[in-house]
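Data first, discussion second: the structure below is written as structure tokens.
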Amino acid sequence: MSMRTIRFRAALAVVAAAVLTLGAVSTATAAPLPNAPFGGWGKCPIANPETSTCVDVVVKGGEMNINGLKVPIPSGSLNIAGGVAYRENPDAEFGFDQIFIPPTDGTKGVYSSPIEVPGGIFGLGIPFPGGLTTIKATVEPVALPTVDAFQLGVTLPARLKISNPLLGGNCYLGSASNPIMFKLGVSENGVLEEVPGFPDTAAVRNVTHADQTFAVPGASGCGLFGALNWAVNLRANVPSSSGHNSLTTTSDVFNIGADSLRTQ
Amino acid sequence: MSHAVRRTTFVTAAAVAAIAVAAGTASASTVVTPAGQAVTASSSNLSIKTGTITLTCSSTTGSGTIPAAPGNSTTGTGGINVNIGTPSLTGCKANGLPAVVTTSGSWLLNVSADTGSAQGSLVIPAGGAVVTMPGSTCTVTVGASTIGPLPFDIPNQRVVASNTGTVNYTRTGTGPVCPAAATGTATMSGTLQFASATPINVTP
């Protein structure tokens with residue numbers, strides 16, 4: 001056992017009494033549309049007349065790799081939903097910009113649930129009463145995502161909330177001023193399908209997105225006064241510069257013309 | 001004249017009449033009125049379904065003139081063509097994404113009374129519509145197509161299509177929202193409404 005690991009475990013033991021319960025990010029709910037093949041589009045801000053296309057990206061699986069720390073992404077752990085407006089811009093490649101319009105539920109249109117980090121605190125997967133060794137990571141947007149409804153690309157400025165009773169409620173990788181910039185482009189096209197009952201749609205199943213360009217900043221706010229930032233950095237192998245990290249997801253993407261929903 | 005001769009004459013005349021009726025159906029005539037009048041065809045819900053891509057347009061407009069007499073009538077089958085020029089299709093989306101429809105050539109509205117009642121068909125020339133999605137390389141080109149014949153609702157001055165074909169198309173391009181390149185047939189739906197100073201009438 002290395003000295004670094006010993007120091008890490010010792011630090012955890014010292015603060016073990018300072019257990020702080022972290023609240024999971026809640027998932028906003030909306031009434032599902034009749035006959036829709038999934039739970040989306042109900043979040044689409046169709047009351048905004050600028051909303052032209054409603055987009056719903058449902059992540060079904062994937063993996064995040066932060067400098068060798070691999071975190072499986074389970075189905076349903078991430079969902080991006082909202083509207084897209086097309087604003088004229090003569091300087092843009094196609095003469096317009098695509099503007100993501102978030103739902104009216106106060107969110108940024110990104111709905112995520114905590115993802116368990118394999119191995120927990122020690123990287124050994126040894127369970128400990130009270131979940132003290134369990135680490136969960138939650139993607140939190142720090143700004144609105146941008147969505148390319150044509151190429152099904154998503155850019156998401158985010159931070160990762162690291163949850164463990166020992167780390168307090170403000171332990172993050174990335175921040176609003178120094179976010180992790182996920183730039184998810186389609187690496188493998190999915191299968192375009194019809195959505196029965198909704199003709200003005202593009203349902204693309206099993207789209208593979210990937211990004212290998214993002215950097216992951218060091219931890220902040222972990223433990224009392226950030227006393228455990230170093231431990232989180234050690235466990236997550238951060239800070240990690242671009243080129244050492246990757247995110248791959250498989251998603252179903254559902255687009256629909258907003259007018260089709262307005263007339264439902 | 002004997003009864004037998006009169007009866008034979010009657011039977012022959014009836015047979016001739018029956019043949020004439022049958023022949024009349026086969027060589028139906030069409031008259032479209034009023035001749036020489038300007039007419040506008042428009043739709044607010046035109047859609048073309050090409051496999052997994054559905055094009056919808058909130059505004060379709062084309063204008064033309066009913067042929068002047070004697071071009072507004074025919075004694076044969078095939079009806080009368082009303083040239084509605086190159087229509088404008090705007091407010092279009094393809095699978096929920098903005099799409100641009102570029103039209104060309106002369107689109108025709110063919111009206112006829114070949115079956116004894118008014119019918120209408122929309123005739124699209126080869127390459128008459130090219131659909132592009134500006135954010136992708138996906139393109140759908142409509143080939144020579146005839147949609148109809150469909151009943152021409154004279155009282156309401158409209159023709160209603162519901163998944164009616166055949167619309168021939170060729171699809172090219174690649175991308176996440178673009179299916180594989182293909183050639184196929186599509187269907188059209190929507191209501192084509194006609195407006196003119198005097199209502200159009202189509203009679204045998």
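Just to be sure before I move on: is A:Gly221 in contact with a Leu (Cβ under 9 Å, 6 or more places away or on another chain) and under 30 Å from B:Ala181 (Cα atoms) in the structure I sent? Spell out the reasoning first.
On the way: in contact with a Leu (Cβ under 9 Å, 6 or more places away or on another chain): yes; under 30 Å from B:Ala181 (Cα atoms): no.
No.
Criterion applied to B:Val82, B:Val100, B:Val111 was being over 15 Å from B:Gly148 (Cα atoms) and among the aliphatic types (A, V, I, L, M), and the one residue passing it is B:Val100.
Pull up region A:68-120, narrow it to residues that are in a loop (DSSP other than H, G, I, E, B) and touching an Asp or Glu at 6+ places or on another chain (Cβ under 7 Å), then point me to the one that is farthest from B:Leu97 (Cα to Cα). Per the stated criteria, the residue is A:Asn89. Consider region B:43-62 and keep the residues that are small (Gly, Ala, Ser) and either without any contact (Cβ under 8 Å) to a residue 12 or more places away in the chain or within 21 Å of B:Arg171 (Cβ to Cβ) (or both). The one that is nearest to the other protein chains (Cβ to nearest Cβ) is B:Ser47. When region A:174-185 is filtered for residues that are of a type outside the set (A, V, I, L, M, F, W, C) and either assigned to a loop (DSSP other than H, G, I, E, B) or within 14 Å of chain B (Cβ to nearest Cβ) (or both), the ones remaining, listed by number, are A:Gly174, A:Ser175, A:Ser177, A:Asn178, A:Pro179, A:Gly185.
Does at least one position in region A:155-165 carry a residue that is farther than 19 Å from B:Pro179 by Cβ and within 12 Å of chain B (Cβ to nearest Cβ)? No. Annotation: of all residues in region B:168-184 being β-branched (Val, Ile, Thr) and within 13 Å of A:Glu188 (Cα to Cα), the one that is nearest to the other protein chains (Cβ to nearest Cβ) is B:Val177. Please count how many residues of region B:135-146 are within 14 Å of chain A (Cβ to nearest Cβ), assigned to a strand (DSSP E or B) and buried (at least 22 other Cβ atoms within 10 Å of the Cβ). Residues that pass the stated criteria total 1. The set of residues in region B:158-192 that are among the β-branched types (Val, Ile, Thr) and part of a loop (DSSP other than H, G, I, E, B) comprises B:Thr174, B:Val177.
When restricted to residues that are farther than 22 Å from A:Phe182 by Cα and crowded, with 20+ Cβ neighbours inside 10 Å, region A:87-116 contains 0.
For region B:120-134, taking the residues that are part of a strand (DSSP E or B) and of a type outside the set (Gly, Ala, Ser), the one that is surrounded by the most Cβ atoms within 10 Å (Cβ to Cβ) is identified as B:Leu122. Selection over region A:177-202 of residues that are of a type in the set (Gly, Ala, Ser) and in contact with a Lys or Arg (Cβ under 9 Å, 6 or more places away or on another chain) gives a count of 1.
Within region B:83-101, no residue that is free of Cβ contacts under 8 Å to residues at least 24 places away in the same chain and within 13 Å of chain A (Cβ to nearest Cβ) sits with its Cβ atom under 7 Å from a residue that is surrounded by fewer than 16 Cβ atoms within 10 Å (Cβ to Cβ) and not in a strand (DSSP E or B) at 6+ positions apart or across chains.
Bear in mind these aren't lab numbers, they're just calculated from the coordinates by the rules spelled out. Note that the structure is predicted; figures quoted are calculated from it, not measured. Please note: Cβ atoms are built from the backbone with ideal geometry, for glycine as well, and neighbour counts cover all protein chains shown.
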